[in-house]
Amino acid sequence: MKVTALTLLILQINSLIDSGKYNDITISEVHEAIESQGLLRFIKKDASRI
């Protein structure tokens, strides 16, 4: 089985969700990041605020 970059990204996002540290991020914020094509920047910014 070949693991792609997208698969690794999904696994990382899942890990962040499961950690419980980011429960204050709303679906609306994620949706806005997707619509503005800035999802990876959004994840980087919010995942680094630990």
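The values are calculated or read from the model by the stated rules, or taken from the named source; none is laboratory data. As the structure is a computational prediction, the values presented were derived from the model and not from experiment. Because the Cβ atoms are built from the backbone with ideal geometry, glycine has one as well, and the counts that use them run over all protein chains shown. These area figures cover heavy atoms from the full protein model, side chains too; ligands, DNA and RNA do not enter into them. Shrake-Rupley method; radii C 1.70, N 1.55, O 1.52, S 1.80 Å.
Things worth noting here:
- Along its three principal directions, the equivalent ellipsoid of the chain from the Cα gyration tensor extends over semi-axes of 19, 15, 9 Å, largest first.
- Ordering Ser19, Leu40, Thr4 by the projection of their Cα atoms onto the charge dipole of the chain, which places +1 on the Cβ of Lys and Arg and -1 on the Cβ of Asp and Glu, puts Thr4 at the extreme positive end.
- Calculated accessible area for the chain comes out at 88 Å² per residue, all protein chains present (probe 1.4 Å; ligands, DNA, RNA ignored).
- Loop-located trypsin sites (Lys or Arg not before Pro) in the stretch 1-44, at most 11 other Cβ atoms within 10 Å (DSSP): Lys2
- The C-alpha atoms of the chain define a longest principal axis, and helix 5-19 lies at about 50 degrees to it.
- Reachable lysines, given that their alpha-carbon falls under 27 Å from the alpha-carbon of Lys21 and they are not under 8 places away in the same chain: Lys44, Lys45
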